[in-house]
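Report on one structure; see the data block that follows.
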Protein chains: 2
Amino acid sequence: MGDRKRIALIGTLDTKGEELRFLKEAIEARGLQTLVIDIGLLGPPPFRPDISRQEVLREAGLELADLLRGGDEGEAIEGMTQGLALLLQRLHRQREIDGVLAIGGGQGSAMASRGLQGLPVGFPKLLVSTKVAQAGAGAYVGTRDILIAPSVADIAGLNRLTKRVLQNAAGAIVGMVQGGVIAEEEDHPLIAMSMLGTTTACGLRLKDRLEADGLEVVVFHALGVGGRAMEEFLQEEGAEVVVELAVNEIGNYLFGGLASAGPHRMEVAGSLGIPQVVTPGNADFINFLSPDTVPPRYRERRLHRHNPQATCMRLEAQEMELVGRTMAEKLNRARAPVKVIVPLKGFSIWDREGGVFYDPKADRALIEALLGNLREGIEVMEVELHINDPEFADLLYAEVKRTLELAPSHHKKTRGR
Amino acid sequence: MGDRKRIALIGTLDTKGEELRFLKEAIEARGLQTLVIDIGLLGPPPFRPDISRQEVLREAGLELADLLRGGDEGEAIEGMTQGLALLLQRLHRQREIDGVLAIGGGQGSAMASRGLQGLPVGFPKLLVSTKVAQAGAGAYVGTRDILIAPSVADIAGLNRLTKRVLQNAAGAIVGMVQGGVIAEEEDHPLIAMSMLGTTTACGLRLKDRLEADGLEVVVFHALGVGGRAMEEFLQEEGAEVVVELAVNEIGNYLFGGLASAGPHRMEVAGSLGIPQVVTPGNADFINFLSPDTVPPRYRERRLHRHNPQATCMRLEAQEMELVGRTMAEKLNRARAPVKVIVPLKGFSIWDREGGVFYDPKADRALIEALLGNLREGIEVMEVELHINDPEFADLLYAEVKRTLELAPSHHKKTRGR
């Protein structure tokens, strides 16, 4: 295949053949190669793909003829989705492709995006979709850096509007692939940190101090996707230390908020043997989007409308107690050092004297449940500070530095692309 | 500025200065120019932008000092949003920029995306955002082809993860801008068409026949954004004829479905003097997303779960009656010929004998309200066919052709970029 870059082009060739041909020509006109992958299940493809639907299915050990005989459309779609995901991972591993461009309506976007989500952050990937403007992009991008191009018009034929959108999509993937890999720098020790705007004062001061010492800090925005992205990142690339300034995703999971990172949040670092410095940052609330996304059972609770797409709810003492206990259970399973540091004067910008979420009794319930259930060997420190006091960030800084001196390296030094 | 392409770079320089500098360098390293626009409102910018926050505000006739003195953060944000939108439109009109790249968290994404939405389809525009994976992309892209890049990690400093994402964003905008304008083709007469999957059989047959005659057909997916995009397209670029195969957005507006295109759907073509061929296609239902998005008052109604993100609800006779009357009121105001063609055997794939939404009594309520309220001069045809019968598409085809022969051209022959 020479040394020309190659872009995988994915779509249902039976319904979107004309558009895929347009993309193929636009990309090849810019001197790159394409690899057309057909994930159609209905009619015959109008031109021969490089990888046929039969080959995609075989990647998952399936035969198209069997699936069609079965007559279960759902099963066929699921098989194609799995086959594509496996195929893309293999092509990436074997360095056969340098980027991926997929197009789809509702069904095609769902199939292709699962495959795209299996490729690492930094690997160029773009989805042209009819659906994102209505249904949102969350389901399609997951925790990944998938660029989403809304199609504006339906992807139903070439015309002046769809051509503009497709031409730009081809340009974008070519530009990303030609952008090349970022020059490798010195490998700085890496700190992964969870944070929200409500603990930014703490997080940014801590980050600045660590960076001044030559450390690298990656910050994850703890709104569900962020926590999941952090823990996938730990699995793929590791880190020296994890700092938790935003544990709200645990309360969101327990009480039905809209920023859940699933049942295993705060378990991954410990299971990988990565040391953790943990605070109850943002433990005082859970997250909803617009006010109408707050379930009826919570309408009478203490709510704070931060912006039109962010409504937060104060957790009460008995809920805080469960968050604390849950945190302890998770941390008790860690295979590496854990240090818990509690700011007794409040856990978020809103949770301080005079703040909208100030409730020392509820905070106390969490603290007692957390500290009372931690196993031996986990170090604990309680300090008469608010989480956003500069002294608290400095205390975390000292703790991270101490942990780095004690611990062996857990940073895998890999690169995503 | 020579003939090198220039990309506007937008963000809050006080909080995202480091990232904007990285993007500026990545773009300039590829031989393009940048124009850094600061929309920050808090701290001082770490480097001098090409267009300062003061200049952005002045575009909207505002002074930063006044806004800061007022102390109303919302007002300052709204002013900056307006100023940016006006600035971008002026820069685009004066051909000062060839593409736009913006980065933002929640607030920055909201401000920048309003500006991006004011630029035409086809003009390269990309937003790197921390928010889309949680809150969805719909609010940010609107009816436009804004590429969305999820940031994965928080945009809070440069590190190996954010660098990969930003490097790809720079590559994508460079690639789009370098992709250039699509070669102008012969100006085919243009047909704009609304459609959904449930009337695809009709729409695609009609489209194929029209295209075989050298006409160009742009299809819009009538899920709210689609109808709005079609009507903006009519305003900006016109069309020879509008064909309505999906009027479900009217019912969605009236009865609280999730595919409303606002109160003015089906009024734009008529007000612009563009002839219309109208069917009650998909008038039989309104749209929701996942089943839990169906409001409690509708839970006991006739629902059809089309896929995990598409739940449709059959409208009942009295609702259909209101849809029909509303259509008539809108069409009565048209300043150009309107032809209404009614398929008596059903309006969508589900609305036929044996189908999940079959209900001839409800259909009859719409037909009587529609036809009974149309003013003189609007031609009407009722046919004993289902909307997806090939003969029905052929009948529409004949009607579009006849309309084209009668009417003067309403196609503006402009290009979006």
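Could you list, in sequence order, the residues of the range A:368-391 that are more than 19 Å from A:Cys312 (Cα to Cα) and buried (at least 22 other Cβ atoms within 10 Å of the Cβ)?
Of the residues in the range A:368-391, the ones more than 19 Å from A:Cys312 (Cα to Cα) are A:368-386, A:389-391.
Across the range A:368-391, the qualifying residue is only A:Leu370.
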Residue that is modelled with the lowest pLDDT [pool: residues in the range A:132-153 that are buried (at least 24 other Cβ atoms within 10 Å of the Cβ) and of a type in the set (Val, Ile, Thr)]: A:Val132
The lone exception for B:Arg58 - which of (1) of a type in the set (Lys, Arg); (2) within 24 Å of B:Ile155 (Cα to Cα); (3) surrounded by fewer than 22 Cβ atoms within 10 Å (Cβ to Cβ) it fails: (2)
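Provide a single number: the residues in the range A:264-289 that are in contact with a helix residue (DSSP H, G or I) (Cβ under 9 Å, 6 or more places away or on another chain) and among the hydroxyl-bearing types (Ser, Thr, Tyr). Walk me through it before giving the result.
Step one: filter the range A:264-289 for residues in contact with a helix residue (DSSP H, G or I) (Cβ under 9 Å, 6 or more places away or on another chain), giving A:264-270, A:272, A:274-289.
Filter again for among the hydroxyl-bearing types (Ser, Thr, Tyr), leaving A:279.
Qualifying residue count for the region: 1.
Take B:Glu75 and decide whether it is surrounded by fewer than 16 Cβ atoms within 10 Å (Cβ to Cβ) and modelled with pLDDT of 95 or more.
On the way: surrounded by fewer than 16 Cβ atoms within 10 Å (Cβ to Cβ): yes; modelled with pLDDT of 95 or more: no.
No: the conditions fail for B:Glu75.
Condition check ((1) within 29 Å of the chain's Cα centre (by Cα); (2) modelled with pLDDT of 95 or more) across all residues:
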| residue | (1), (2) |
| --- | --- |
| B:Asp292 | yes, no |
| B:Ala317 | no, yes |
| B:Lys339 | yes, yes |
| B:Trp350 | yes, yes |
| B:Glu368 | no, yes |
Enumeration of residues in the range B:207-228 that are within 11 Å of another protein chain (Cβ to nearest Cβ), within 21 Å of B:Asp187 (Cα to Cα) and not acidic (Asp, Glu): B:Lys207, B:Leu210, B:Leu215, B:Val217, B:Val218, B:Val219, B:Phe220
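Consider the range B:120-131. How many of its residues are more than 7 Å from every other protein chain (Cβ to nearest Cβ) and surrounded by 24 or more Cβ atoms within 10 Å (Cβ to Cβ)? Please lay out each step first, then the result.
Kept after step one, since they are more than 7 Å from every other protein chain (Cβ to nearest Cβ), are these residues of the range B:120-131: B:120, B:123, B:125-129, B:131.
When the remaining residues are screened for being surrounded by 24 or more Cβ atoms within 10 Å (Cβ to Cβ), the result is B:125-129, B:131.
Result for the range B:120-131: 6.
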Pairs, first within 19 Å of A:Ala110 (Cα to Cα) and assigned by TED's automatic domain parsing to the domain that holds A:Ala110 in the range A:61-81, second surrounded by 13 or more Cβ atoms within 10 Å (Cβ to Cβ) and among the β-branched types (Val, Ile, Thr), C-beta under 7 Å, six or more apart: A:Met80/A:Ile39; A:Met80/A:Val56
Residue list for the range B:45-64, filter: more than 23 Å from B:Leu101 (Cβ to Cβ) and in a loop (DSSP other than H, G, I, E, B): B:Gly61, B:Leu62, B:Glu63
Number of the exception - B:His188 against (1) modelled with pLDDT of 90 or more; (2) under 22 Å from B:Tyr397 (Cβ atoms); (3) of a type outside the set (D, E, K, R): (1)
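Yes/no matrix, rows are residues, columns are (1) under 21 Å from B:Ser113 (Cα atoms); (2) assigned to a strand (DSSP E or B):
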residue	(1), (2)
B:Leu9	yes, yes
B:Asp66	no, no
B:Arg69	no, no
B:Gly79	yes, no
B:Gln89	yes, no
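Based on this model, can you work out whether A:Leu84 counts as more than 10 Å from every other protein chain (Cβ to nearest Cβ), farther than 22 Å from A:Asp14 by Cα, in contact (Cβ under 8 Å) with a residue 60 or more places away in the chain and in a helix (DSSP H, G or I)? If you could, list the steps in order and put the result at the bottom.
Details: more than 10 Å from every other protein chain (Cβ to nearest Cβ): yes; farther than 22 Å from A:Asp14 by Cα: no; in contact (Cβ under 8 Å) with a residue 60 or more places away in the chain: yes; in a helix (DSSP H, G or I): yes.
Taking the combined requirement at face value, the residue does not satisfy it.
Considering the range A:198-217 alone, what residues qualify as being within 30 Å of A:Thr311 (Cβ to Cβ) and either surrounded by fewer than 24 Cβ atoms within 10 Å (Cβ to Cβ) or outside the structural domain of A:Lys339 (by TED's automatic domain parsing) (or both)? Give the steps one after another, and end with the answer.
First, the residues of the range A:198-217 that are within 30 Å of A:Thr311 (Cβ to Cβ): A:198-207, A:217.
Result: A:Thr200, A:Ala201, A:Leu204, A:Arg205.
Checking the condition closer than 28 Å to B:Gly324 by Cα, surrounded by fewer than 24 Cβ atoms within 10 Å (Cβ to Cβ) and in contact with a helix residue (DSSP H, G or I) (Cβ under 6 Å, 6 or more places away or on another chain), which residue from B:Leu245, B:Leu223, B:Leu234 passes? Spell out how you get there, then give the answer.
Values: B:Leu245 fails: surrounded by fewer than 24 Cβ atoms within 10 Å (Cβ to Cβ); B:Leu223 fails: surrounded by fewer than 24 Cβ atoms within 10 Å (Cβ to Cβ).
Testing whether each residue is closer than 28 Å to B:Gly324 by Cα, surrounded by fewer than 24 Cβ atoms within 10 Å (Cβ to Cβ) and in contact with a helix residue (DSSP H, G or I) (Cβ under 6 Å, 6 or more places away or on another chain) leaves just B:Leu234.
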Filter result for A:Arg160 (within 9 Å of chain B (Cβ to nearest Cβ) and closer than 25 Å to B:Glu216 by Cα): yes
Those residues of the range A:303-329 which are among the basic types (Lys, Arg) and surrounded by 15 or more Cβ atoms within 10 Å (Cβ to Cβ), in sequence order: A:Arg314, A:Arg325
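How many residues does the range B:247-264 contain that are in contact (Cβ under 8 Å) with a residue 60 or more places away in the chain and of a type outside the set (Phe, Trp, Tyr)?
Here is the first cut: in the range B:247-264, the ones in contact (Cβ under 8 Å) with a residue 60 or more places away in the chain are B:247, B:250-251, B:254-255.
Filter once more, so that each one left must be of a type outside the set (Phe, Trp, Tyr): B:247, B:250-251, B:254.
Residues in the range B:247-264 being in contact (Cβ under 8 Å) with a residue 60 or more places away in the chain and of a type outside the set (Phe, Trp, Tyr): 4 in total.
Please indicate, with yes or no, whether at least one residue in the range A:60-80 is closer than 25 Å to A:Arg6 by Cα and of a type in the set (Lys, Arg). Let's see the steps before the verdict.
Here is the first cut: in the range A:60-80, the residues closer than 25 Å to A:Arg6 by Cα are A:60, A:80.
Pick out the ones that are also of a type in the set (Lys, Arg) and you get none.
Scanning the range A:60-80, I find no residue that is closer than 25 Å to A:Arg6 by Cα and of a type in the set (Lys, Arg), so the answer is no.
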Residue list for the range A:346-371, filter: part of a loop (DSSP other than H, G, I, E, B), touching a Phe, Trp or Tyr at 6+ places or on another chain (Cβ under 9 Å) and not aliphatic (A, V, I, L, M): A:Gly346, A:Phe347, A:Ser348, A:Trp350, A:Asp351, A:Arg352, A:Phe357, A:Tyr358
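The values are calculated or read from the model by the stated rules, or taken from the named source; none is laboratory data. Because the structure is predicted, anything quoted here is derived from the model rather than measured. Here the Cβ is made from the backbone with ideal geometry for all residues, glycine too, and neighbour counts use every protein chain on show.
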